[in-house]
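Below is one structure, written out as structure tokens; the observations come after it.
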There are 2 protein chains.
Amino acid sequence: MLLLDESELKKGQWAVPGDGLAGDEGFDDGAARILRALSRDTTAYMEQSRVTNELEHFNKGSLMTVGYFSTVSKKRFVINSSLYRQRILWWPLNQLPTLSLIHERLIRRAFVQLQSQVSKQPLGFYLLDNQFTIFQLQKLLERVLDKKYDRPNFRRKALATGLLEPLNVVEQDVSHRPAKLFRFNTEKYKLLERNFKFSF
Amino acid sequence: MLLLDESELKKGQWAVPGDGLAGDEGFDDGAARILRALSRDTTAYMEQSRVTNELEHFNKGSLMTVGYFSTVSKKRFVINSSLYRQRILWWPLNQLPTLSLIHERLIRRAFVQLQSQVSKQPLGFYLLDNQFTIFQLQKLLERVLDKKYDRPNFRRKALATGLLEPLNVVEQDVSHRPAKLFRFNTEKYKLLERNFKFSF
DNA sequence: GCAAAAGTGTTAATCGTACACCCATGA
DNA sequence: TCATGGGTGTACGATTAACACTTTTGC
């Protein structure tokens with residue numbers, strides 16, 4: 001579930017997408033620019049993760065990396081530039097290709113941070129499409145938090161938040177009773193904001 | 001509850017203690033060194049907070065600041081060098097002196113992070129001395145999380161964690177019934193570690 | 001009919017919360 | 001004696017967790 005980019009330095013070496021800062025650009029701005037260069041989806045949640053502990057030394061000077069992570073819907077994620085299109089792949093977190101130690105650590109750290117943010121921000125909703133079933137939301141949280149939930153109970157709790165707006169539309173072409181589709185009610189969330197607690 | 005250092009640049013200007021990195025020192029190492037330069041207490045919890053978003057530009061080049069926060073017991077905190085002794089003061093978070101915008105933001109951000117770590121790490125215990133009463137722990141969490149708790153209920157919950165080891169000693173010289181003193185059971189905590197949840 | 005997930009209902013156990021109440025100490 | 005916090009008990013309501021059951025779809 002992670003986006004990786006083929007590095008320019010070595011063939012076949014995968015890396016987290018990144019770039020240097022342009023001019024007097026801030027770090028947050030730089031990270032946003034990198035994400036925009038990859039995809040047209042602008043609804044993503046983004047957060048600074050951590051600075052690599054070590055400086056990388058080159059003959060020209062030293063380099064430090066500031067990690068950011070973002071939650072993007074795989075379906076909404078549309079690769080922007082044809083330049084990148086050939087060099088981007090999604091990888092499942094438990095089957096990452098060989099990475100530099102620095103990038104490996106950035107990813108592990110970002111995932112821990114994502115897990116801890118899930119209950120404080122409606123991250124689950126950023127990861128899904130505009131229309132989703134409650135079961136999809138459940139499966140998502142189960143994967144992020146590595147837990148199992150009881151379906152009926154999860155459903156009630158999710159609905160009890162009042163943040164799921166029914167769309168009066170159902171799934172199509174599924175070999176079981178089709179589920180109602182919902183969307184995340186951004187307006188109601190804005191009202192809660194500070195008091196939000198998605199404690200599953 | 002915050003340690004601030006008088007800056008060398010301007011008289012009467014307060015700042016978060018900091019320093020540049022020495023040689024090829026890592027960020028965590030640098031932060032630990034700065035803390036050690038201030039105090040002899042080595043039990044402190046320390047965590048990277050955030051990189052300032054803006055680079056500061058000087059004629060010589062650009063400067064970026066990586067924020068760290070640490071929880072230290074005020075009683076155990078012994079100022080190390082006589083050089084610092086004159087220039088260090090504790091300030092309550094709600095009555096900070098005038099600070100640069102960058103330092104102000106670092107502090108606010110670190111406090112939010114501290115609040116969110118309290119339930120995942122036994123931070124409360126780092127902030128107290130080796131011997132403490134349950135009521136002291138309660139008051140500490142109440143200040144950090146800006147909540148009020150019922151004393152009897154807090155007591156039961158704290159004891160239920162199994163992480164408080166009774167010392168069979170009581171407070172001295174208090175004008176009320178003396179409370180039993182406890183210490184944090186580090187060994188038992190090590191066993192939990194990953195599953196630790198101090199949800200008050 | 002079968003499998004799979006949708007959705008509703010129900011119950012017991014657990015937990016949070018709000019108190020009442022007695023205890024021990026210094027002033 | 002009073003004020004202050006220490007410490008135990010308890011009772012009610014809310015929340016959680018477990019699972020039984022009916023529904024709707026595709027194969």
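The values are calculated or read from the model by the stated rules, or taken from the named source; none is laboratory data. Values in this document were obtained by computation on a predicted structure and should not be read as measured data. Glycine also receives a Cβ, built like all others from the backbone with ideal geometry; neighbour counts cover every protein chain displayed.
Just checking, does the stretch B:110-130 include any residue being free of Cβ contacts under 8 Å to residues at least 12 places away in the same chain, part of a helix (DSSP H, G or I) and not small (Gly, Ala, Ser)?
First pass over the stretch B:110-130, keeping only residues free of Cβ contacts under 8 Å to residues at least 12 places away in the same chain: B:112, B:116.
Now restrict to residues that are part of a helix (DSSP H, G or I): B:112, B:116.
Applying the additional criterion that residues be not small (Gly, Ala, Ser) yields B:112.
Among the residues of the stretch B:110-130, at least one is free of Cβ contacts under 8 Å to residues at least 12 places away in the same chain, part of a helix (DSSP H, G or I) and not small (Gly, Ala, Ser), which makes the answer yes.
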Number of the exception - A:SER73 against (1) within 12 Å of chain B (Cβ to nearest Cβ); (2) touching a helix residue (DSSP H, G or I) at 6+ places or on another chain (Cβ under 8 Å)
(1)
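For residues in the stretch A:136-153 being assigned to a helix (DSSP H, G or I) and at pLDDT 95 or above, which is farthest from DNA strand D (Cβ to nearest atom)? Write out each step before concluding.
Narrowing the stretch A:136-153 to residues assigned to a helix (DSSP H, G or I): A:136-145, A:151-153.
Still in the running and at pLDDT 95 or above: A:151-153.
Values: A:ARG151: 7, A:PRO152: 4, A:ASN153: 5 Å.
The residue in question is A:ARG151.
Within the stretch A:1-45, work out how many residues are within 14 Å of chain B (Cβ to nearest Cβ) and either within 17 Å of the chain's Cα centre (by Cα) or modelled with pLDDT of 85 or more (or both).
So the first thing to find is which residues in the stretch A:1-45 are within 14 Å of chain B (Cβ to nearest Cβ), and the list is A:20-33.
Next cut, either within 17 Å of the chain's Cα centre (by Cα) or modelled with pLDDT of 85 or more (or both) only: A:20-21, A:25-33.
Residues that pass the stated criteria total 11.
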Looking only at the stretch A:177-197, and only at residues there that are touching a residue at least 40 places away in the same chain (Cβ under 8 Å) and more than 14 Å from chain B (Cβ to nearest Cβ), the one that is farthest from DNA strand C (Cβ to nearest atom):
A:TYR189
Residues satisfying the stated conditions in the stretch A:154-188, i.e. near DNA strand D (Cβ under 10 Å from one of its atoms) and either in a helix (DSSP H, G or I) or on the phi > 0 side of the Ramachandran plot (or both):
A:PHE154, A:ARG155, A:ARG156, A:LYS157, A:ALA160, A:ASP173
Going through the stretch A:159-176 one residue at a time, which ones are in contact with a helix residue (DSSP H, G or I) (Cβ under 8 Å, 6 or more places away or on another chain) and within 10 Å of DNA strand C (Cβ to nearest atom)?
A:LEU159
Sole miss for A:LYS148 among (1) over 22 Å from A:LYS75 (Cα atoms); (2) surrounded by 18 or more Cβ atoms within 10 Å (Cβ to Cβ) is condition (2)
Of the conditions (1) at pLDDT below 90; (2) part of a helix (DSSP H, G or I); (3) closer than 19 Å to A:LEU140 by Cβ, A:PHE198 clears all except one; give me its number.
(2)
Go through the residues of the stretch A:91-113 one by one and say whether even a single one is farther than 27 Å from A:GLY67 by Cβ and surrounded by fewer than 17 Cβ atoms within 10 Å (Cβ to Cβ).
no
Reported set for the stretch A:119-135 where residues are within 15 Å of DNA strand D (Cβ to nearest atom) and either surrounded by fewer than 16 Cβ atoms within 10 Å (Cβ to Cβ) or under 16 Å from the mean Cα position of the chain (by Cα) (or both) is A:SER119, A:PHE135
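Just wondering, is there one or more residues in the stretch A:98-110 that are within 13 Å of DNA strand D (Cβ to nearest atom) and of a type outside the set (Ser, Thr, Tyr)?
The answer is no; no qualifying residue exists.
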Could you tell me whether any residue of the stretch A:147-164 is over 30 Å from A:GLN13 (Cα atoms) and within 14 Å of chain B (Cβ to nearest Cβ)?
yes
The stretch A:46-61, residues that are in contact with a strand residue (DSSP E or B) (Cβ under 8 Å, 6 or more places away or on another chain) and more than 7 Å from chain B (Cβ to nearest Cβ)
A:MET46, A:GLU47, A:SER49, A:THR52, A:GLU56
Return a yes/no flag: does the stretch B:89-104 have any residue that is modelled with pLDDT of 90 or more and within 13 Å of DNA strand C (Cβ to nearest atom).
no
Checking B:PHE125 against (1) of a type outside the set (Ser, Thr, Tyr); (2) farther than 25 Å from B:PRO92 by Cβ; (3) away from DNA strand C (no atom under 16 Å from the Cβ), only one condition comes out false. Which one?
(2)
